[in-house]
Structure formats: C-alpha cells, structure tokens
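Visitor: Below is one structure. I have some questions about it.
The values are calculated or read from the model by the stated rules, or taken from the named source; none is laboratory data. Remember, it's a predicted structure, so these values are computed and weren't measured experimentally. In this analysis, Cβ positions are derived from the backbone assuming ideal geometry, glycine residues included, and neighbour counts consider all displayed protein chains.
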Amino acid sequence: MHVFVTRQLPGTALDRLRARHSVTVWPQRLPPSPGDLRRHGERADGLLTLLTDQVDARLLDACPTVRAISNYAVGFENIDIPAATARGIPVGHTPGVLTEATAQLAITLALDLLRRVSEADKDVRGDRWKTWEPAGHLGASLDQTTLGLIGYGRIGQAVGRMARALGMRVMYTDPVASGRSLGEVLAGSDVISLHALLTPGTRALINARTLALMRPGALLVNVARGAMVDTAALADALRSGHLAGAGLDVTDPEPLPADHELLAFPNVIVTPTSPRPRSAPAPRWPISRLTTSWLAWRGG
C-alpha cells in the first residue's frame, strides 16, 4: 500500500507508517498545491492530510486508487465527507487529542491579555518604559474576572475547569448543558473565549452587533476558527477602545498579511495556528487513531 503524506510530521508517526507501507512525504514547508496533491494522489492508495489540504470530489475523481484518508487534526472541514462516503472511502481523524493543549492556549492568551504581559514587553523592547508607575500596565485581578465561554464541548469545559482553578468566574453558552444565552454571556463577561463549532450559523458570530453587546473594556480570545469573527468589525471595536484587546490563535484571512491592521494594535496577540478541533458534523467512521488506523487497515 502506498501512502502520500502532505507534510513532514513530528514524532514517530511516519516511522510507524513506513514500517508497514510505502510512504511519500511532501518535502516542502508550504502545503502541496491542488495540482501537486492530485499528482501524488493519483498514485496513492491512501492520503494522510492536514487541514490545509482540500480533499473534494474533484480530487477524489482524479485519484481513483485512494481507498482511505486520514486527517492529521481533530477538525476535518477540509475533506468533503459526502464525496468520500459516496466512494466508500473511510476518513480518519483524531478527536480529543488537542483538548488540553487548546484549552491551555486559551487560558494563556486570556492571562496574557488580563495581565498585559505582551503589551508591557513591547513597551520595554520599544524603549517606552522609563520608570515604575503606580498605574503602569495595570492588569485585572483574576478573582474579580468573569470568563465567558461560547461553546461548552470538550475544550470549553477544559477551559472552564482551568479558569475556575485560577479563581475566575465562568459563564457559558450550551443548549445541552443548560448554559446561558449568547447575549447574557457576552454582556456578563470580562473575557470572551470562543469554542463553538464552525457552522453556517456561527460564521461571523462575533460581528459588529455582538461586539457591541460585550462589556466596554472586555477581551476576546479565539482558538476556534478565524471565520467565527468578522475581522473588520473586530478592528473597529479595538480602534474605538470598546474592546481592550484580543488574543487570536486563528484569524480570517489566515495567516494575516504582514501589513494587516490587526497586527498594528499593541493589545492584540496573534499566534501561529495549530490544527484545532472544530468541525461538524462528525464523520460516519469513528477512526480515532491517525497512523495506527493505517497500520490496522489492509485494504482487503
């Protein structure tokens, strides 16, 4: 069985895959182009892809030998699940593996914004800090801060657990877990952290209208999907001072151009994106191991 892997991967995954199968790994730092993906897929029995790789019906039509797909991510919105289903191709992904890491990053961004750590660091490096000042870079006290979670699945619950351990109050939206309404959470929180699925209903969920519902001086954290936030409306809220800052692990577009206005705000933190578990609906095949699914699958 021949497997095409769309990027060099950390850890031992590729070694385990090579122990059982013929493997070709895309050697470049940037993802393969659609043409390159098609060219390699035409000769492959399996694809091991990343969120940056679009696997749609057109690609699958051009790659008739592909019999399995595994996505190196919890999310899988880059894969056309109905198209794979129609061709009898199972799709694997890795639910749950990034829950703690993503939750920790959300808490890190929130703490950085609340204590103004990155903002203060920029002032030191820019020679703008001259002496100690009683109100200089004054942050917020965690035990007097309310964290609002938009989405209360695995990651949202992990963030809530960590926040409560730090003494923060927690509110959340979730129709299953008897959470509060979106408006209540937006209006009642000092920090809003996004953890909902990216669906047509949540695309641009944070827009001019919903930003206006947030408390003056509130903070926004997004470790879900960039498209959940209207980027222009976010910039307007920051420029007006309505928002005191934002911590973004995901953006729209992604990555942001070097001259993008969001990068000029000293109170905005932007980190390189890692694959994030944000997808709906779930695939029909519950393949929960990335490389071991390949080792177990013999194409019989």
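Visitor: Would it be correct to say that LEU59 is of a type in the set (A, V, I, L, M), buried (at least 21 other Cβ atoms within 10 Å of the Cβ) and touching a residue at least 12 places away in the same chain (Cβ under 8 Å)?
Guide: Criteria not met by LEU59.
Every residue, every condition in (1) surrounded by fewer than 16 Cβ atoms within 10 Å (Cβ to Cβ); (2) in the same structural domain as VAL191 (by TED's automatic domain parsing); (3) within 14 Å of the chain's Cα centre (by Cα), yes or no:
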{"site": "LEU220", "(1), (2), (3)": "no, yes, no"}
{"site": "ALA224", "(1), (2), (3)": "no, yes, yes"}
{"site": "ASP230", "(1), (2), (3)": "no, yes, no"}
{"site": "LEU234", "(1), (2), (3)": "no, yes, no"}
{"site": "SER240", "(1), (2), (3)": "yes, yes, no"}
{"site": "ALA244", "(1), (2), (3)": "no, yes, no"}
{"site": "ASP249", "(1), (2), (3)": "no, yes, yes"}
{"site": "ASP259", "(1), (2), (3)": "yes, yes, no"}
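Visitor: Within segment 56-88, can you find the residues that are among the acidic types (Asp, Glu) and either touching a Lys or Arg at 6+ places or on another chain (Cβ under 8 Å) or at pLDDT below 95 (or both)?
Guide: If the condition is that a residue be among the acidic types (Asp, Glu) and either touching a Lys or Arg at 6+ places or on another chain (Cβ under 8 Å) or at pLDDT below 95 (or both), then GLU77 is the only one that fits.
Visitor: While we're here: Going by what's in this entry, would LEU198 be described as part of a strand (DSSP E or B) and either charged (D, E, K, R) or within 22 Å of ILE107 (Cα to Cα) (or both)?
Guide: Answer is no for this residue.
Visitor: Got at least one residue in segment 36-43 being over 25 Å from HIS195 (Cα atoms) and free of Cβ contacts under 8 Å to residues at least 12 places away in the same chain?
Guide: Yes, the conditions are met somewhere in segment 36-43.
Visitor: Which condition number in (1) more than 15 Å from MET214 (Cβ to Cβ); (2) at pLDDT 95 or above; (3) among the acidic types (Asp, Glu) is the one that ASP143 fails?
Guide: Result: ASP143 fails condition (2) only.
Visitor: If I go through segment 44-55 residue by residue, how many of them are within 21 Å of the chain's Cα centre (by Cα) and either under 17 Å from ALA84 (Cα atoms) or assigned by TED's automatic domain parsing to the domain that holds ARG225 (or both)?
Guide: 7
Visitor: Condition first: in contact with a His (Cβ under 9 Å, 6 or more places away or on another chain) and either of a type in the set (Ser, Thr, Tyr) or in contact (Cβ under 8 Å) with a residue 40 or more places away in the chain (or both). Now tell me which residues in segment 220-274 satisfy that.
Guide: VAL223, ALA224, THR231, THR251
Visitor: Hey, another quick one. Quick check: anything in segment 101-117 surrounded by fewer than 16 Cβ atoms within 10 Å (Cβ to Cβ), out of contact with any strand residue (DSSP E or B) (no Cβ under 6 Å at 6 or more places or on another chain), modelled with pLDDT under 95 and over 21 Å from LEU220 (Cβ atoms)?
Guide: No, that holds for no residue.
Visitor: Considering only segment 7-32, state which residues are of a type in the set (S, T, N, Q) and part of a strand (DSSP E or B).
Guide: Across segment 7-32, the qualifying residues are SER22, THR24.
Visitor: So for segment 32-43 (the condition being in the same structural domain as ARG87 (by TED's automatic domain parsing), exposed (fewer than 14 other Cβ atoms within 10 Å of the Cβ) and under 18 Å from THR94 (Cβ atoms)), does at least one residue qualify?
Guide: Looking for residues that are in the same structural domain as ARG87 (by TED's automatic domain parsing), exposed (fewer than 14 other Cβ atoms within 10 Å of the Cβ) and under 18 Å from THR94 (Cβ atoms), one finds none in segment 32-43, hence no.
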